[in-house]
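Below: one structure, written as structure tokens.
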Amino acid sequence: MAQVVFSTWGRNVVDNRNVSGEPQEVSFKLPVAFDGEKPLRAFMGWDGIILFDKYVDVPAMTAEYMKRVQTLYCCGRCTPGKKGTKVLMDLFQNVLARKATEADLDTVGDLAELLKNCKCTLCQSATVPVFDAVTHYRADFLAYINEACGPNTEKAAYIHKITAPCMDKCPAHIDIPKYIEEIKNYQYSEALATIRENMPMPSVCGRVCPHPCETACRRKNVDDAINIMVLKRTASDYERQHNITPPMQPKPAKGKKVAIVGAGPAGLACAYYLGLEGYKSTIFEALPEGYGGGMIAVGIPAYRMPRPILQRDVDIIESVGSEIRYNTRVGKDITLPELKQQYDAVFLAPGAHRSKPMGVEGEDKGYKGFLSGGIDFLREAYLGRPTGMGKKVCVVGGGNTAIDCVRVALREGAEESILLYRRSRKEMPADVWEVDGADEEGVRFEFQVLPTKIIVDANEQVTGVECVRMAMGEPDASGRRRPEPVPGSEFIVECDTVIPAIGQDPDLSFIPPDMGIDITKWNTVVTKYLPLKDAAGKDLKDGMGNMLSRSLITDCDGVFAGGDAEIGPLTVVACIGNAHRAALVIQRWLEEGKAYLSDQDIFDDLLTYLGVYDKNEQVPWLDSCDRANQNEIHGRERAAKGNYREVELGFSDSTAQIEADRCLRCYRMAMVAV
Amino acid sequence: MAHTEPSDKKTTATLTIDGNQVTVPVGATILEAAAELGIKIPTLCWLKKVSTTGACRICVVKVEGVERFMTACNTPVKDGISVTTSSPELEIARKKTLELMLVNHPLDCPICDAAGECDLQDTCYSLQVDKNKYTAELERLPIRYDWKLLESDPNRCILCEKCVKVCREVVGREAIEIVDRGDRTIIDTISGEPLDCDFCGNCINACPTGTLISKPFKFRGRPWTFEVTRGICSFCASGCEIEYHVGNGRVERVTSSDDGYNKGNLCVNGRFGYAAFNSSGRLTAPLVKDASGNQQKAGWDQALAAVAGKLREIVKAGGGAAVAGIGSPRVTNEESYLFQKFLRGAVGTNNIDSEARLGFFPAQVVQYRMLGYSGGTYPMDAIEKATAVVVIGSDLKAESPGFAYRVIQAATKNDARLVVASSRATSINKYANAFLQYRPGSEAFLVAGLNKALIAEGLQNTAFIEKNATGLDAATAALDAISFEQVTAATGISEAALREAARLACSGGRTAVIYGADVIRSADMATAVKRDRQPGAADRCRGRSRSRHLPAGREEQHPRHAGYGRLPRVPARLPYL
């Protein structure tokens, strides 16, 4: 079955239909069975067709594809798209009804050419596989037209999915082209409603999201990506700045209730989507009131995420049908088995708040000035508690948390704030703009250095860090060059405070071992997944190395998990996407007693695995409108002691409208035959 | 990829269109640049006054080096590009696109309202679209006969979105939207219920085909048969330019050109109010009482002679003062002028009045005293360029829609902050960054509170005040004498809300202040005017006006009379006093 019968995918024709010798080897990033069971017989989309089964009825599939494009997704907002796909749809229906003529087939190529003038890519890209079908399966079309029996085929069922490169890349699968078009049309409230369908914390992800969507923006192939993140902020700012009451109306309460562990992005998102469906949830949060938001609250400094604005998102989510019980640590104030007993379902979203050890001599000695970890430092600073920080602060790490620490250290009054990172600046996992921001605020960087020892005085007070310079070694087996210490390059960085910020782990000690909930060696919760395999029989995995399609139910019935504690420490948007899915699955569990993924969920995963964005695609367009970037406050004063005022300023509405108009609206539809 | 901050940019771009060079501002579209050169690119969905749409795809052009055609209407220019607007390939693309547009388009041109002024007809004609090789199953969509004043035939619709955009971007109503999918996509109300909107009919004006039509105009005549007379709408003070279409002695419709001062935008009165002219109850000939006291139709000469004779008699017997003239607020300034000239010069009386005295006049009196002039300080289109707009005591759309449309432009297109202060929710509230819902009648306190907050926040434009006004200290002292608690007690608005509104009101440095009937007709204002009407009142009032709302002992400090903002060049007397 995994044998490719025919393919035009990627504009590369592979035809194994009538080969006498060895069929041409070709493989695609697709599972052999759609959901692990139903064999994937054919795939049809913006980049061509792929047939794994020679008995697929190509004319029928083509007709169905065009019908779904025209009747379900064609927006009607441009002439070629609206009318062209209608002409094509009727043409293929006529073929199936044996009312077409051979000459009609020539119209397909003519319209495929004309539809290149479409406003967006939905209808235009739909002509690609359709034209391929008519070109390469002409005999099958003619069989419908000329013969009584039609081609020799077996009936198929079709599943389709609308997507776009940005939408696919966004872990929350926000309908990005839609909200951008709504902003372009001055429909800010509509844009925000679109965002909220998949993202209940728009003001957060409009500010601090690493915006993977922008790495998959097709406009990049013309000039620069659309500023998707700031446009999201624009929509959320608009609602707040115009005192608009969020319009969401939850469905009437359905009687069942859900316990959620953790009021972070995952817990809140799950509560929001359950709430809209009429399921009340109770969120158990270890932090005190006013600190809802989990890692957003205690891990992202206020100059990036102003607290009243975060609180507004939290309040909105709470108003949709959840209650947050602060100061309640599950495992201490209430146990997990108690939750399972008292609630109809439990969602575990405790996050990853435990700092990883640095692996440096002296770190476990309890020295004064050696802080437990970056995330703890940020939390204590935000809670207004003593952080233990001195005047000269050394932060070790290269991620966003490390950057947050050096920048917060300045705002907490550090005279000097130093960052130590073992690789080079451009290899830092932190977002470039965050590193630049720290630079502007006067942070000192020491790149390619490895801390080896904590230096203390007689009172066990930290006085410095001994470091060794690093240089790139020879490429290893994987071809990656690793930094290696340069012998004899040891030196000491003087400081009175060391903050290790090299990563976090979930703390899952609240899960009793006898509950049947499995935990991975990376300290994440194991959840069930679909047995998706490629042609070689290998499991399909996502970018984090987790199984590709997970239903997020643990091995303990009625207990679900999500967020950083399930994925591994990642991003707000990933946690929200993951928790949204958990909410859908929990709803199915509550209503049908089964925790499963819908075809749409699975198709999302399949497309992400296949990849919707093609960085090599030639996108013909005039690059006459540069990307707009938001203004920010400049100068070192912005990081003065106690100054947590927001640094980035967002867009004016008119700038947002011009930026939104740059969007190429790269919708496309994929369809499978099973 | 940069994360913040735009880089420095050139402000103009020079490009070549059909071999001719042109320099235009950066951000201009290819269509606009071509227009500079006098090159006309066909369009159907483009409408200057709203955002670009790019729906019809008729304006495709070729940009050298770009593999696909670009649409001229919504593609910004780029320095150095070379554009071709006409070529065999482009003609074919345009023609085929039109052919697609005509698939299943009804051929009811003979009875279509738009015949003769249909952009689709004109474009097909000029591009010589005489064949259609595309076909599709015919499915007729229901015509909305159930709307008031408007009729919508979606079968004639080419989905240019002009109506939707005018409704949203100009009128701010968002009553119609694009609904459904594929070939069934139509313009309709979102709910599918009959249209419930302002009925301004600006969508009819924008519709390039016979999709959205005026019911009162349907079958009243072919567009080209009317005599068209330009005029100014007198239903309110917006002064919109209109065109009366007259046939057989009747006004059959009113339109407005997008090239006019009001950009073709009218309200329900301007667009449909002409029905009054055709009312059967309207007096169309002079009536003169006969001997038995019955009114009889008369000729103008007879009627005027009768009036002149009676007037002469009265003046002779009782002097000019025995005659009083009452003018209409609906007539033009020029007509009002002539009317008073006649009464003063010919009749010899100063007893002249008008309903306008109960309208804007009271405000004029006060404003004149405070500012030295009685009208607006700028032409109304300056509102669109304001960086902040404060509307006090007016539902603009009800009172003077032309102002509302301009405020909407400022708020949505030009990033102006909007503060609305009113005792009730108004039609432009959805654009407001702050809405101060004060207690009815507390307008004076509201304004005092805003001024107080403005000074407390240090937002006053000191340089401007020093140059143009006197009495800031007195004003500040007067404001100091009132506490925020008093303001809050009177208006129901908190100090924090006033401060926030003051900050918004001062953003950007170009603030437009618009006040309306609720201010003008507030009890407070009436008191001031009544006093002014007494002989010698003007002198007495200055500096010692009283307000019923002020607590005892505070009279002298009433903020409105504190005397700041006085400008030089004060005319000796009010023109109407």
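The values are calculated or read from the model by the stated rules, or taken from the named source; none is laboratory data. Keep in mind it's a predicted model, so treat the numbers as computed, not measured. All Cβ positions, glycine included, derive from the backbone under ideal geometry; neighbour counts span all protein chains shown.
Yes/no per residue for (1) within 19 Å of the chain's Cα centre (by Cα); (2) at pLDDT 95 or above; (3) within 14 Å of chain B (Cβ to nearest Cβ):
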| site | (1), (2), (3) |
| --- | --- |
| A:G206 | yes, yes, yes |
| A:C217 | yes, yes, yes |
| A:E239 | no, yes, yes |
| A:P247 | no, yes, yes |
| A:G264 | yes, yes, no |
| A:L274 | no, yes, no |
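Condition check ((1) under 25 Å from the mean Cα position of the chain (by Cα); (2) within 28 Å of A:P513 (Cα to Cα); (3) small (G, A, S); (4) outside the structural domain of A:G563 (by TED's automatic domain parsing)) across all residues:
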residue	(1), (2), (3), (4)
A:R325	no, yes, no, no
A:K332	no, yes, no, no
A:E361	no, no, no, yes
A:L378	yes, no, no, yes
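Whenever a residue of the stretch B:138-158 is under 17 Å from B:G201 (Cβ atoms) and assigned by TED's automatic domain parsing to the domain that holds B:I187, its partners that are assigned to a loop (DSSP other than H, G, I, E, B) and among the charged types (D, E, K, R), lying with C-beta atoms within less than 7 angstrom and at least six residues away or across chains, give the pairs B:L149/B:K215; B:L150/B:K215; B:E151/B:K215; B:E151/B:K218.
Within the stretch B:251-272, track down each residue that is part of a strand (DSSP E or B) and not charged (D, E, K, R).
Within the stretch B:251-272, the first condition is being part of a strand (DSSP E or B), and the residues that meet it are B:251-255.
Answer for the stretch B:251-272, where residues must be part of a strand (DSSP E or B) and not charged (D, E, K, R): B:V251, B:V254, B:T255.
For the stretch B:55-63, the condition holds for at least one residue, the condition being that it is crowded, with 18+ Cβ neighbours inside 10 Å and on the phi > 0 side of the Ramachandran plot.
Return yes or no: is A:A133 more than 8 Å from every other protein chain (Cβ to nearest Cβ), surrounded by fewer than 19 Cβ atoms within 10 Å (Cβ to Cβ) and either among the aliphatic types (A, V, I, L, M) or closer than 28 Å to B:I186 by Cβ (or both)?
Working: more than 8 Å from every other protein chain (Cβ to nearest Cβ): yes; surrounded by fewer than 19 Cβ atoms within 10 Å (Cβ to Cβ): no; either among the aliphatic types (A, V, I, L, M) or closer than 28 Å to B:I186 by Cβ (or both): yes.
No: the conditions fail for A:A133.
In this structure, is A:T71 within 14 Å of another protein chain (Cβ to nearest Cβ) and surrounded by 18 or more Cβ atoms within 10 Å (Cβ to Cβ)? Give the derivation first.
Working: within 14 Å of another protein chain (Cβ to nearest Cβ): yes; surrounded by 18 or more Cβ atoms within 10 Å (Cβ to Cβ): no.
It is false that A:T71 is within 14 Å of another protein chain (Cβ to nearest Cβ) and surrounded by 18 or more Cβ atoms within 10 Å (Cβ to Cβ).
For the stretch A:243-277, filtering for residues that are surrounded by 18 or more Cβ atoms within 10 Å (Cβ to Cβ) and either free of Cβ contacts under 8 Å to residues at least 12 places away in the same chain or in a helix (DSSP H, G or I) (or both) leaves 12.
Assess whether B:I178 counts as being in a strand (DSSP E or B) and β-branched (V, I, T). Spelling it out, B:I178 is indeed in a strand (DSSP E or B) and β-branched (V, I, T).
Residues in the stretch B:79-97 that are hydrophobic (A, V, I, L, M, F, W, C) and either in the same structural domain as B:S214 (by TED's automatic domain parsing) or part of a loop (DSSP other than H, G, I, E, B) (or both): B:I81 only.
Candidates are the residues of the stretch B:25-54 that are more than 24 Å from A:L114 (Cβ to Cβ) and of a type outside the set (A, V, I, L, M); the one that is surrounded by the fewest Cβ atoms within 10 Å (Cβ to Cβ) is B:G38.
Restricted to the stretch A:554-672, the set of helices (runs of 4 or more DSSP H) holding at least 1 residues that are within 30 Å of A:V56 (Cα to Cα) comprises A:599-610. With respect to being surrounded by fewer than 16 Cβ atoms within 10 Å (Cβ to Cβ) and in a helix (DSSP H, G or I), B:A474 falls outside the description.
Among the numbered conditions (1) assigned to a loop (DSSP other than H, G, I, E, B); (2) at pLDDT below 95; (3) of a type outside the set (S, T, Y), the only one that A:D514 does not meet is (1). Set side by side, the residues A:A628, A:A565, A:A574 differ, and just one is within 14 Å of chain B (Cβ to nearest Cβ), closer than 27 Å to A:P202 by Cβ and not β-branched (V, I, T), which is A:A628. Picking from residues in the stretch B:214-231 that are without any contact (Cβ under 8 Å) to a residue 60 or more places away in the chain and closer than 13 Å to B:T255 by Cα, the one that is surrounded by the fewest Cβ atoms within 10 Å (Cβ to Cβ) is B:E227. Quick one: in the stretch A:227-237, which of the residues that are among the hydrophobic types (A, V, I, L, M, F, W, C) and within 11 Å of chain B (Cβ to nearest Cβ) is surrounded by the most Cβ atoms within 10 Å (Cβ to Cβ)? Only one residue tops the list, namely A:V230. For the stretch A:48-77, a residue qualifies if it is in a helix (DSSP H, G or I) and either touching a Pro at 6+ places or on another chain (Cβ under 6 Å) or of a type in the set (F, W, Y) (or both), and the qualifying residues are A:Y65, A:Y73.
From the list A:Q618, A:Q600, A:Q587, pick out the single residue that is touching a residue at least 60 places away in the same chain (Cβ under 8 Å), polar (S, T, N, Q) and within 14 Å of chain B (Cβ to nearest Cβ).
Working: A:Q600 fails: within 14 Å of chain B (Cβ to nearest Cβ); A:Q587 fails: within 14 Å of chain B (Cβ to nearest Cβ).
When all the criteria are applied, what remains is A:Q618.
Can we say A:H160 is crowded, with 18+ Cβ neighbours inside 10 Å, more than 22 Å from A:Q70 (Cα to Cα) and either under 27 Å from the mean Cα position of the chain (by Cα) or at pLDDT 95 or above (or both)? Taking the combined requirement at face value, the residue does not satisfy it. The strands (runs of 3 or more DSSP E) found wholly in the stretch B:278-369 and carrying at least 3 residues that are under 40 Å from the mean Cα position of the chain (by Cα) occupy B:325-327, B:352-354. The residues in the stretch B:98-147 that are within 10 Å of chain A (Cβ to nearest Cβ) and outside any loop (DSSP other than H, G, I, E, B) can be counted, and the count is 4. When A:K99 is tested against the conditions (1) closer than 18 Å to B:Y134 by Cβ; (2) part of a helix (DSSP H, G or I), the lone failure is (2).
When only residues in the stretch A:163-196 that are part of a helix (DSSP H, G or I) and β-branched (V, I, T) count, which is nearest to the other protein chains (Cβ to nearest Cβ)? Explain how you work it out, then say what you get.
Filtering the stretch A:163-196 down to residues part of a helix (DSSP H, G or I) leaves A:165-169, A:176-184, A:188-196.
Now narrow it down to the ones that are β-branched (V, I, T): A:176, A:180, A:183, A:194-195.
On the way: A:I176: 16, A:I180: 14, A:I183: 11, A:T194: 14, A:I195: 19 Å.
So the residue we want is A:I183.
The condition (being in the same structural domain as B:V228 (by TED's automatic domain parsing) and surrounded by 15 or more Cβ atoms within 10 Å (Cβ to Cβ)) is satisfied by just one residue among B:L343, B:L266, B:L311: B:L266.
Looking only at the stretch A:285-299, residues that are buried (at least 24 other Cβ atoms within 10 Å of the Cβ) and in contact (Cβ under 8 Å) with a residue 40 or more places away in the chain come to 7 in all.
Residue-level analysis places A:V87 among those that are free of Cβ contacts under 8 Å to residues at least 60 places away in the same chain, assigned by TED's automatic domain parsing to the domain that holds A:I145 and either closer than 20 Å to B:C56 by Cα or part of a helix (DSSP H, G or I) (or both).
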